[in-house]
Amino acid sequence: MRSRIIATGSYVPELVVLNEHLTQFPVTALPLIEQKTGVRARHYAAETESTSDLAAEAGRRCLDKAHVDAREVDAIILATSSPDRLQPATATRVQHILGATQAFAFDINSVCSGSLYALHVADALIQHGSCRRVLVLAAELYSRFLNPKDFSTYPYFGDGAGAVLLETHNGKEGIIDTVLHSDGAGCEVIQIPAGGSMMPLNKVKQPADMYFRMKGAEVFQFAVTKGTSVVEELLARSNISVKEVDFVVTHQANINIINELATRLGIDRSRFAVNLDRYGNTAAASVLIALDEFIESGNVTPGHLGVFVVFGGGLSWGASLVQF
Amino acid sequence: MQNLIKATKAVFSEFNEASFQEDMLLAEIPGWDSMNSVNFTLELESVFGVNCNALQLGPNSTFADVVRFLQENGVDPS
């Protein structure tokens, strides 16, 4: 028995912000954004939208495609590192919006790796037999957590949400294997320092502590090193060669990371799904948004073998092998 | 050079003030990269009130280059 992806969905907010709209930065610096990351535009949520709204819309589109009523979903797992609130779980509001009255709902925070962590937990729930259908969501609203004056973070992220509906399947299609890793020694590399128990609001020294920060050079090296090794580990476990992989959906952090992964893995770059030029880095949501678009564009056909790759804060990283 | 050191520290929190020397390569500052170099120029503009669009910072740039630019624009970096 396998957990099969029976539908995908995605949603990005309407507002498009191009690089040239970022007038708080020197005009001479703006070309660096595309040059260093490949990002040309990103979408920002409306003031009335929260993370749960983005997730619910992606989920609704996914369920519509699958022709599945929300009341037939057994569980909702939402990967997010930009939740509505510290508590309760953002997934519970999504459950309410969707009307998934029979589902239990909870969040997972593995920053940009969250989608595969959620996918793996959903797969385990199905393999265990406790769930028949699990809606996996990943949604991020980073525009609320970025310092508008920080050139090292602000231009590279965008808002959006993706969804995957998993269902019990007696056949070869579905999730074949997933490998996940974490290294807490790197927990300072990507962070929002304030707002939690380590730095509650009454201990905040400067506004910058409330904003997302990362050590870009360290993240780049980590991503290309671990992104490569985890795919090699995943394929070796299933005795699959890179030549058998039809497509790769990797975290949309930086075009130079994707290019480097393609080179190191020996997989033609044309087999990688890429949308970061239009959406920027949507953190946990990026893989599910890219997967949905890749499928909708007709790039995935029955029999295709796909690899999903993630890397992000924690540090955390992982990969999944999926038979379509 | 306290204001220059302060501006550097504001962008690069791991910068050790004791390591400051005018001939120090900016690339040796922990966390320095092309993106944060933009934040550095924005901080210089904020601290010294000077337009830094003409300040070109590359891999071989030093604090001395920054000091020279500021002085050429009528600012005392100390």
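Read-outs: derived from the displayed coordinates by stated rules, not from any lab. On a predicted model such as this, the values are computed, not experimentally measured, just so you know. Note: ideal-geometry Cβ built from the backbone for every residue, glycine included; neighbour counts use all protein chains shown.
Debye-formula intensities of segment A:179-324, expressed as log10 I(q)/I(0) at q = 0.11, 0.12, 0.14, 0.16 Å⁻¹, are -0.46, -0.53, -0.69, -0.85 (one equal scatterer per alpha-carbon, no solvent).
Taking amide H as placed 1.01 Å from N in the peptide plane, A:Ala105 has its amide H under 5 Å from the amide H of A:Ile76, each at least 5 places away in sequence or on another chain.
Could you check how many percent of all C-alpha pairs in segment A:1-63 are farther apart than 19 Å? Value for segment A:1-63: 52 percent of Cα pairs lie more than 19 Å apart.
Using the Cβ-Cβ distance between A:Phe104 and A:Asp183 with R0 set to 30 Å, the FRET efficiency from 1/(1 + (r/R0)^6) comes to roughly 0.50.
Sequence-distant contacts, meaning Cα pairs under 8 Å at least 6 residues apart, place the relative contact order of segment A:111-230 at 22 percent.
R0 = 41 Å: FRET efficiency of B:Phe20 with A:Arg85, Cβ-based, nearest 0.05? Intermediate results must be reported in sequence, preceding the final value.
On the way: r = 43 Å, r/R0 = 1.04.
The calculated FRET efficiency here is 0.45.
Above 20 Å, the calculated P(r) of segment A:151-240 contains 62 percent of its Cα-Cα pairs.
Please compute the Cα-Cα pair-distance distribution of segment A:61-210 with 5 Å bins starting at 0, giving whole percents from short to long. All Cα pairs, binned at 5 Å, distribute as 2, 8, 16, 19, 18, 14, 10, 8, 4, 1, 0, 0 percent. The mean number of Cβ atoms from other chains found within 10 Å of a Cβ in peptide B:28-38 is 5, as a whole number. Rounded to two decimals, the Cα-based Rg/Rh of segment B:1-68, with Kirkwood Rh, is 0.90. Cα centroids of segment A:26-99 and segment A:269-298: 14 Å apart.
What is chain B's relative contact order, in percent, from Cα pairs under 8 angstrom and six or more apart in sequence? Walk me through the numbers before you get to the answer.
Numbers: 78 pairs, mean separation 29.8, N = 78.
Relative contact order comes out at 38 percent.
Converting phi to 3J(HN,Hα) with the Karplus coefficients 6.51, -1.76 and 1.60 and the offset θ = phi - 60°, segment A:163-176 yields 8, 9, 9, 9, 9, 4, 9, 9, x, 7, 6, x, 6, 7 Hz in sequence order, with x at every glycine or proline. Using the Karplus relation 6.51 cos²θ - 1.76 cosθ + 1.60 with θ = phi - 60°, the per-residue 3J(HN,Hα) values for segment A:107-124 come to 9, 10, 10, 10, 6, 5, 8, x, 4, 6, 4, 5, 4, 5, 5, 4, 4, 5 Hz, with x marking Gly and Pro.
Taking 0.36 nm per residue of separation and subtracting the Cα-Cα distance, what length does fully extending A:Arg132 through A:Ala236 add? If you can, show how the numbers build up before the last one.
On the way: separation 104, 0.36 × 104 = 37.44 nm, distance 2.92 nm.
Roughly 34.5 nm would be gained on extension.
Segment B:1-68 and segment A:121-140 have Cα centres spaced 49 Å apart. In this structure, B:Glu28 and A:Val16 have a Cβ-Cβ separation that, at R0 = 30 Å, corresponds to a calculated FRET efficiency of about 0.15.
A DSSP coil position with no more than 10 other Cβ atoms inside 10 Å describes none of the GluC sites (Glu not before Pro) in segment A:228-283.
Taking each pair of distinct Cα atoms in segment A:33-122 once, what is the resulting Kirkwood hydrodynamic radius in Å? Don't jump to the answer; show the numbers that get you there.
On the way: mean 1/r = 0.0704 Å⁻¹.
Hydrodynamic radius (Kirkwood, Cα pairs) of segment A:33-122 is 14.2 Å.
Note: relative contact order over chain A, using C-alpha pairs below 8 Å and six or more positions apart, is 26 percent.
Hey, could you get me the Stokes-Einstein D for the protein assembly as shown, Kirkwood radius over alpha-carbon pairs, 25 °C and 0.890 mPa s, rounded to whole µm² s⁻¹? Kindly include the intermediate steps, with their values, before the conclusion.
Details: Rh = 22.1 Å.
Rounded, D is 111 µm²/s.
Which residue fluctuates most in the GNM of chain A (Cα springs below 10 Å): A:Ala41, A:Ala223, A:Ala208? Evaluated over chain A, the most mobile residue of the options is A:Ala208.
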